[in-house]
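Remarks on the structure that follows.
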Amino acid sequence: MSINYQDRIPNNVDLGSNRTLQRALEHWQPEFLKWWQDLGPRDFQVANVYLRTATSVDAKGWATYGFVHMPDYRWGIFLADRDPERRIGFGDNYGQEVWQQIPGEFRAILRRLIVTQGDTEPASVEQQRMLGHTAPSLYDLRNLFQVNVEEGRHLWAMVYLLHAYFGRDGREEAEELLERHSGDANKPRILGTFNEPISDWLSFFMFTYFTDRDGKFQLKSLAESSFDPLARTCSFMLTEEAHHMFVGDTGINRVVRRTLEVMKELGTEDPLAVRNAGAIDLPTVQKYLNFWFSSSLDLFGSETSSNAASYFANGLKGRPDEAQYEDHIAAEQAFTLELPDGNGSTKTEQIPMRNAMNEVTRGSYVRDCELGLKRWNRLIEKAGYSFRLSLPSTRFRRNIGSWAGVPTDLTGRPILPEQFNSTIGEWLPSDSDRAYIMSLMHGVHEQGKMAAWIAPPDRGINNNPVDYEYVKMH
Ligand code: BYC
């Protein structure tokens with residue numbers, strides 16, 4: 001069904017035919033707009049921003065570009081088209097018809113998954129709300145706002161499901177999604193990473209590279225769900241998510257490129273000299289990478305999870321790209337884990353495959369993360385330097401799962417807590433690293449200008465030049 005932009009809430013779900021649902025969502029809409037004004041991008045609500053808006057949900061030409069004041073963005077409800085032939089693709093009910101309504105026994109558990117997914121979307125907008133002031137260019141400022149409005153739309157996607165399929169419970173959950181806030185001591189966001197502040201653009205690029213990529217893998221898992229409306233909404237969200245990861249990937253690429261230019265100009269790799277020249281030395285890039293990668297790994301949950309086993313058995317949440325696996329039942333297989341033995345060493349344990357689904361997804365995620373590192377390292381290699389960026393071990397600095405609180409070095413080797421505490425400043429951004437990065441953060445809001453710590457992008461948005469006026473301040 002095509003997108004209806006005439007309604008107060010744009011949609012392709014024929015919202016007008018369900019007056020009760022339409023009224024409930026129209027009641028939530030002003031609360032969302034108030035939240036956007038209060039906790040969305042700070043001080044840029046009057047800016048005119050070159051944004052894309054969804055016009056259809058198919059792969060071709062779904063976006064139209066134009067100047068929009070963010071509070072006027074047409075947030076709405078868009079689901080990928082229904083495939084009448086679609087069957088359950090995994091678990092105990094493999095091959096049966098997918099559900100258009102939720103079986104009673106799965107209401108609570110599906111609500112929890114949808115709320116957890118929904119909670120991350122406004123959380124990220126809150127985390128990024130101050131970044132407009134320090135954007136390195138109008139191009140970057142526009143990308144930040146594009147990401148922000150789309151995270152707002154992803155919240156709408158989950159709120160639609162809550163309102164449409166969960167009755168009063170769902171409506172209450174939808175309200176609470178606007179009441180919890182990132183970093184709030186009393187009402188924090190549900191998942192750890194979404195309470196971390198994002199105060200600088202290096203963190204923003206790391207977040208969009210590593211944390212949005214968790215979004216990609218979680219959405220892919222939910223796009224396999226037997227609950228068809230959830231699968232369809234996540235499929236469409238994935239098309240938007242791709243741009244967010246592009247922002248992170250190219251952002252880090254541009255930081256590295258600029259650093260290499262400065263290293264070349266100076267004829268030295270010395271981090272202090274690089275800093276004195278106003279660029280970000282590669283060891284500091286590595287520390288920020290260590291921080292956001294390890295934090296994002298926690299978002300996959302524990303290595304051994306009875307929750308994950310039951311999601312899989314019941315067909316609620318699959319593996320990303322489930323079709324690539326041969327056995328969609330996964331009831332007989334085992335998975336081998338290496339776990340801490342409690343005595344500073346490791347032990348091997350075999351667990352049922354279904355209980356290891358979080359770890360399976362985490363493994364796919366890590367492989368996907370490596371692709372960007374290969375590209376960035378190729379730049380460094382081509383410039384003739386031996387430094388290489390690398391992903392730390394998945395055991396490093398974990399707060400969730402078997403390795404939570406177990407001190408290890410970057411390679412995942414268990415070490416003594418004293419050793420960990422005395423070395424952590426070499427592995428993660430120290431106060432002085434953070435102060436240095438913050439010292440670079442000055443907004444560059446003039447057309448055609450770029451901050452000195454980052455290279456310009458290869459191309460602009462939608463065939464416009466890089467120095468296009470992507471954001472008009474009034
Ligand atoms: N922080 O069996 P376990 C995105 C809890 S990002 C705090 O190990 P399970 C985006 C867990 O809830 C994608 N708590 O985990 C990106 C459980 O609590 P209870 C978001 C955590 O359930 C950028 C307990 O620990 N989508 O879209 O198998 C910008 C033990 O649970 C954490 C989703 O997450 C944590 N990191 O898996 C914008 C998809 N990890 O039950 C957006 C929906 C675990 O003991 N969520 N816990 O009270 C899920 O599928 C699952 O909830 C999780 C956890 C994968 C997160």
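Values in this text are rule-based calculations from the coordinates and carry no lab data. What you see is a predicted model; the values in this text were computed from it and never measured. Cβ placement follows ideal geometry from the backbone for every residue including glycine, while neighbour counts extend to all protein chains displayed.
Semi-axes of the equivalent ellipsoid for region 1-136, computed as √(5λ) from the eigenvalues of its C-alpha gyration tensor and ordered from largest down, come to 32, 19, 17 Å.
Just from its helices, what would the mean residue ellipticity at 222 nm be for the chain, if runs of 4 or more DSSP H residues each count -39500 (n - 2.57) and the sum is divided by every residue, rounded to the nearest 500 deg cm²/dmol? The partial results should precede the final answer.
Details: 13 runs with 214 residues, N = 474.
After summing the helix terms and dividing by the residues of the chain, the value is -15000 deg cm²/dmol.
Stretching the chain fully between H474 and H27 yields a gain of 157.9 nm (0.36 nm per residue, less the alpha carbon separation). Using only C-alpha atoms and all pairs of different ones, pull out the Kirkwood radius for region 388-474 in Å with one decimal. It is 16.9 Å. Taking a point 7 Å from the Cα of K264 along the Cα-to-Cβ direction, the residues of region 422-454 with backbone N closer than 19 Å to it are 450-454. Rg and Dmax of region 195-289, based on Cα coordinates, read 17.8, 58 Å.
With both labels modelled 7 Å from their Cα along Cα-to-Cβ, the R367 to K34 distance reads 4.8 nm. Please report the equivalent ellipsoid semi-axes of the chain, computed as sqrt(5 x eigenvalue) of the Cα gyration tensor, largest first, in whole Å. Taking √(5λ) for each Cα gyration eigenvalue gives 35, 31, 19 Å. Annotation: amide H of R398 within the under-5 Å range of G405, V406, sequence separation 5 or more or interchain, hydrogens built in the peptide plane. Measuring r between the beta carbons of R86 and S17 and using R0 = 22 Å, the FRET efficiency lands at 0.50.
Computed from the C-beta positions of R168 and R8, the FRET efficiency with R₀ = 25 Å rounds to 0.65.
Modelled this way, with points 7 Å down the Cα-to-C-beta line, the labels at A273 and E179 are 5.8 nm from one another. A Förster radius of 22 Å combined with the Cβ-Cβ distance from T423 to S345 puts the calculated FRET efficiency at roughly 0.70.
Out of the DSSP beta bridges found with both residues in region 1-155, what percent are antiparallel (nearest 5)?
Values: 9 of 10 bridges.
Around 90 percent antiparallel, to the nearest 5.
The relative contact order of region 1-90 comes to 31 percent, based on Cα pairs under 8 Å that sit 6 or more residues apart. Projecting label points 7 angstrom from Cα along Cα→Cβ for E105 and R42 puts them 4.9 nm apart.
For the pair region 243-261 / region 343-406, the C-alpha centres are spaced 21 Å from each other.
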